[in-house]
Amino acid sequence: MKKALILLCMMMSIGAFAQTKAEVLEVARKANEYFMNKWHDPTAPTIFKKDRESNLWTRSVYYVGLLALYDQDPQDRYLAYLDKWGNFHKWEPYNKDYYTVDADHICCGQVYCQRYFLDGNEAKYKPMQKLFNNQISADKHKAWTWVDAIHMAMPGYAMMTMATGNRKYINFAMKSYIWTRDTCGGKGLFNREDGLWWRDQNFVAPYKESDGNNCYWSRGNGWAFVALCRVMNYLQPTDAYYKEILEDYTLMAKALLPLQREDGFWNPSLTSTDFAGPELSGTSQFMYGLAWGVNKGILNSKVYMPAINKAWKAMKSSVHRDGFLGYIQGSGDRPASSQPIDYNREPDFDDYGLGLFLLGATEYSKMLK
């Protein structure tokens, strides 16, 4: 009876926005079609100032989103597109570097593992297992010196534990995470008092914006927020690691709620008026994380559904008629990077923003059954 009442409240709140699952997925499809038509060959290098192999972190984040879309809209051509990319790279790490400590070069590993979960072909995760083993053997747990790294690397380690049944991977990931959270930069990157993350070891307090407020980068916090959810997806709620991560996740959810703009976006600088304005990549991640929490029964739907609905309105308003996504901040490491952010401006990389949009949209769609 209690579950039925909670579901009814959720549906009444969503119903006021008059969205259906089909409508949300149609918007997600349109954005994805724009990208797949533009990049009809997924093996082609990404070109911005120089050629980069297409299994770099930006493209890997896109495939994370594509797999989320496939979960709700299982079209075989999505997997065919991904497999052409993965087979071309032989499911190997970026630059075929098996000794890298750069988390950005590991991001493709979580895509490979997720793909393995769909067909059981171990060849899709074995190369990344070799890289992970090298990192663990060398005890390179102090390599995640920027908050993005939590997103790029940590879910892959959790997935590797599920794929192999060996907890050494999640043990190493948690050792790395705890060092980044509590020690990196002298005080750690996570400010529990505010429930938000500094971007990297160069931005730890007292780094502030020009208006005197702390500098908490929207997308940087989004990277962490999404990563915590995705790691918990591969742990049992009774696991001690799950409980520790859940505590950090809950602090973030509470902190993010009052920082949302009236139009549904979050500012690039979360607690500052510097560079204020719509920004899609951070907003999409906060949408995913909040919707995930409600879908899992962790967050109170009455408290968080208004923010989630506003976030979807904001996300939807970013989509051009042809599927191009506006308001995406280009690559960088702070709110000031790649400014100005505009509805019509094309970012330097057009893949990671779409991947995050697809994550947020599809998690929202799960509420609309």
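Computed values, structure above
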quantity	calculated
Ranking by accessible area, most exposed first, for E279, E92, E26 with a 1.4 Å probe	E26, E92, E279
CD proxy at 222 nm, helix term only [per DSSP H run n ≥ 4: -39500 (n - 2.57); per residue of the chain; nearest 500]	-17500 deg cm²/dmol
Under 20 Å from K175, Cα to Cα: aspartates and glutamates that are on another chain or at least 8 residues apart	D102, D104, D139, D148, D200, D239, E244, E247, D248
Translational D in µm²/s for region 63-162 (Stokes-Einstein at 4 °C, 1.567 mPa s, Kirkwood Rh from C-alpha pairs)	94
J(HN,Hα) series, region 214-230, from Karplus relation 6.51 cos²θ - 1.76 cosθ + 1.60, nearest Hz, glycine and proline x	4, 8, 10, 6, 4, 5, x, 5, x, 4, 5, 4, 5, 4, 4, 4, 5
Heavy atoms of H40: accessible area, 1.4 Å probe, square angstrom to 10	140
Accessible area (Å², 1.4 Å probe, nearest 10) - T100	10
GluC sites (Glu not before Pro) within region 179-275: DSSP coil, no more than 14 neighbouring Cβ in 10 Å	E193, E262
Prolate/oblate/rounded label for the chain (Cα gyration tensor, a/c 1.5)	rounded
Cleavage-rule hits, trypsin sites (Lys or Arg not before Pro), region 118-192, DSSP coil, Cβ neighbours within 10 Å at most 16	K140, K142, R167, K187, R192
Reachable aspartates and glutamates from K30, criterion Cα separation under 15 angstrom, eight or more residues apart if same chain	D73, D322, D350, D351
Most mobile of G212, G86, G289 in a GNM of the chain (Cα contacts under 10 Å)	G212
Cα gyration tensor shape for region 167-209, rounded if a/c is under 1.5, else prolate or oblate	prolate
√(5λ) per eigenvalue of the Cα gyration tensor, region 161-313, largest first, Å	26, 21, 11
Vicinal HN-Hα couplings computed from phi for region 116-131 (Karplus, 6.51 cos²θ - 1.76 cosθ + 1.60; Hz; Gly/Pro x)	4, 4, 7, 10, x, 8, 5, 4, 7, 10, 4, x, 5, 4, 4, 5
Heavy atoms of D263: accessible area, 1.4 Å probe, square angstrom to 10	70
Overall form of region 43-111 per C-alpha gyration tensor (a/c, 1.5; a/b vs b/c)	prolate
Cβ-based charge dipole, region 168-325, positive-most Cα from S301, W217, G186	S301
Cα centroid separation - region 279-334 against region 166-241, whole Å	20
Karplus-derived 3J(HN,Hα), 6.51/-1.76/1.60, for each residue of region 193-202, Hz, glycine and proline x	4, 9, x, 9, 10, 6, 5, 7, 5, 8
Listed residues S317, S210, S337, most fluctuating in the chain (Gaussian network, C-alpha, under 10 Å)	S210
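The values are calculated or read from the model by the stated rules, or taken from the named source; none is laboratory data. As the structure is a computational prediction, the values presented were derived from the model and not from experiment. Here Cβ is always computed from backbone atoms with ideal geometry, including for glycine, and neighbour counts include all displayed protein chains. Just so you know, the surface numbers come from the protein's heavy atoms only, side chains and all, with ligands and any DNA or RNA stripped out. Shrake-Rupley method; radii C 1.70, N 1.55, O 1.52, S 1.80 Å.
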